[in-house]
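The values are calculated or read from the model by the stated rules, or taken from the named source; none is laboratory data. All figures in this text were calculated on a predicted structure; none of them were measured in a lab. Cβ coordinates were reconstructed from backbone atoms using ideal geometry, including for glycine residues, and neighbour counts include every protein chain displayed.
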Amino acid sequence: MKAAHLRGLALVLLMAITPAPAAAQAIAAVERKLLPYLLGPLQTVPASFWEGLRFLRDEEDRQRSLKADISFGLTGDEAGDQSLFRLNTGIGLSRGVFPSEVSVVTRVFLQLRDGQLQEDVTSLQISYDYHGSHHVEYFAFAERFSDSFLSIQQRYEVGLGARVGVHLGRSREWRNAEARFAAVQAALPDVQAALAAVPNAGASGAPDVLTSDWAGFRSAVSDLRHVLEYRRTRLFVGLSASLFSEIESASLTVVTLPIAPTGGSADAPARTRVSLGPQQRYRMSFRPTFIVRPAGGVQVTVMPYFKLPLDGARRVTLPDGSRPLDYRRDILSELNWSIRREQTGLENVALVLTFNHFFDRVPPALPASLIADTLAAGRVFDRTVAEGTHRVTALSLRLTW
């Protein structure tokens with residue numbers, strides 16, 4: 001993808017997800033109205049209530065803010081005048097007010113070989129997630145993907161789906177958060193009683209927060225409980241299913257050889273690039289999701305994708321006569337180790353080990369007519385099918401703020 005296109009797309013995406021001026025935040029509004037009574041009617045309310053309220057307000061601010069992360073890593077090999085350097089970098093932007101969230105994530109793997117810059121693997125994904133209940137989530141997404149190893153120039157996917165999941169285990173962070181929730185809920189009856197005794201309660205001089213703001217406050221607390229449980233339990237197991245439309249354009253770099261060598265210059269291998277043109281398909285995807293937090297600051301995420309065809313031929317006849325099912329299996333896995341939190345203006349600094357495995361059971365292939373024409377001209381392709389598998393391993397540093 002050209003740099004100008006990347007800059008333009010990044011600008012559009014930033015404009016799309018930058019939040020408009022936020023509406024009143026329910027928990028912050030309640031805290032703001034209660035503070036004037038801290039030394040008056042509410043002076044007997046336990047300190048744990050105010051600590052819990054402050055904790056909830058900070059979490060609410062974190063949910064409503066625009067979050068960003070940048071990751072980068074580099075590996076290099078040199079031998080004599082040969083060199084190979086690989087750069088991986090990525091940018092993620094998200095804004096979420098549970099139960100909904102919008103995110104934009106781009107990942108780039110670039111290769112510098114002997115001074116020539118080559119694009120290896122890039123992806124750009126935009127998604128919207130809505131949690132309809134504690135265990136059910138709906139989502140819509142659009143993604144662009146390219147992989148020179150699999151001969152994929154560009155692949156676009158647009159679709160929607162749903163996911164079900166359960167949370168298992170209780171981490172120390174989740175137990176601490178639950179204690180804050182319990183402290184706020186336990187003290188609310190005392191707060192209500194104290195405010196009810198204030199003269200002219202409900203008038204402009206003494207806000208009746210437990211009637212005019214209570215519905216929004218209760219909803220915000222419930223949403224925050226779901227968010228913290230999702231992020232701090234030991235294990236999450238989920239299964240998602242989606243339907244999407246796919247447009248793929250492939251390009252194979254191939255070499256032709258003469259069938260009958262003559263000993264002349266025509267015997268030299270001829271390298272050529274063949275564009276296969278765009279193809280549109282509908283597919284269904286199934287994706288198990290496993291998120292494990294074995295220790296504080298460590299998170300392991302594994303997401304295998306199984307993409308099956310919906311329209312057209314589900315089985316493809318190969319040159320050897322076999323008829324395999326036309327499916328893809330992508331495994332995305334990540335180990336995230338937080339090494340520094342809330343320092344130097346950053347929310348988090350983490351080491352990230354990523355392993356991705358892309359597998360296409362029926363990879364792009366040269367059309368039979370081209371193979372026949374080349375054969376008639378006295379030459380043969382050294383291969384007619386793109387690579388079907390590609391593994392990517394990267395170690396990166398991720399900065400989040």
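When Arg315, Arg283 are checked against the criterion of being farther than 30 Å from Leu397 by Cα and surrounded by 16 or more Cβ atoms within 10 Å (Cβ to Cβ), Arg283 stands alone in meeting it.
Every listed requirement among (1) free of Cβ contacts under 8 Å to residues at least 24 places away in the same chain; (2) loosely packed, with under 14 Cβ neighbours inside 10 Å is met by Ala142 save one, (2).
Within the stretch 254-272, being within 16 Å of Ile371 (Cβ to Cβ) and out of contact with any helix residue (DSSP H, G or I) (no Cβ under 9 Å at 6 or more places or on another chain) holds for Val254, Val255, Ala270, Thr272. Of the helices (runs of 4 or more DSSP H) lying entirely inside the stretch 1-116, those containing at least 3 residues that are more than 30 Å from Leu353 (Cα to Cα) and modelled with pLDDT of 70 or more span 26-34, 47-64.
Please count how many residues of the stretch 298-329 are part of a loop (DSSP other than H, G, I, E, B) and at pLDDT 85 or above.
Taking the stretch 298-329 as the starting set, the residues that turn out to be part of a loop (DSSP other than H, G, I, E, B) are 310-314, 316-324, 326-327.
Filter again for at pLDDT 85 or above, leaving 310, 326-327.
Counting residues in the stretch 298-329 that are part of a loop (DSSP other than H, G, I, E, B) and at pLDDT 85 or above gives 3.
Checked across the stretch 155-170, the condition of being under 26 Å from Ala386 (Cβ atoms) and either in contact with a helix residue (DSSP H, G or I) (Cβ under 8 Å, 6 or more places away or on another chain) or of a type in the set (Lys, Arg) (or both) holds for at least one residue.
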